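Structure, as structure tokens:
The values are calculated or read from the model by the stated rules, or taken from the named source; none is laboratory data. A quick note: this is a predicted structure, and the numbers were derived from the prediction, not measured. In this analysis, Cβ positions are derived from the backbone assuming ideal geometry, glycine residues included, and neighbour counts consider all displayed protein chains. With ligands, DNA and RNA removed, areas are computed over all heavy atoms of the protein, side chains included. Shrake-Rupley method; radii C 1.70, N 1.55, O 1.52, S 1.80 Å.
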Amino acid sequence: MPPLISRITEWPRRAIHWLCSGRADYTAFQRRKATPVHRARRTLCLAVWSGAAILMLLCPSPGCVVTFILIATFVSFSVLDERS
């Protein structure tokens, strides 16, 4: 990626880091995000969303799509919850 584009695409992350850098919950979140357990859970969420996308392609009616999105969201939140 050219240097100008990479600087433009990274400014939101840098702004959030600058705004939240002194907060204890932000630093704990950053530490938790780097653990192997969290990365494995994110991979599982990717598999859940991939399965939901395949089901949405098989059943493209609006009711099915909304149902699959809501179920995938609930499962992703449940998997990524740190208290489990």
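Here the stretch 13-84 has an Rg and Dmax of 15.9, 47 Å, counting Cα atoms alone. With R₀ set to 22 Å, the beta-carbon distance separating ARG13 from LEU80 gives a calculated FRET efficiency near 0.70. Remark: the chain carries a charge dipole of roughly 360 debye about the Cα centre, counting +1 on each Lys and Arg Cβ and -1 on each Asp and Glu Cβ. Solvent-accessible area assigned to carbon and sulfur over the chain amounts to 72 percent, based on a 1.4 Å probe.
Entry comment: accessible area of the chain is 80 Å² per residue, from protein heavy atoms only and a probe of 1.4 Å.
A cysteine counts as unpartnered when no other cysteine's C-beta lies under 4.7 Å of its own; in the chain this applies to CYS20, CYS45.
Taking trypsin sites (Lys or Arg not before Pro) as exposed when DSSP calls them loop and at most 16 other C-beta atoms lie within 10 angstrom, the chain has its longest site-free stretch at 24-82.
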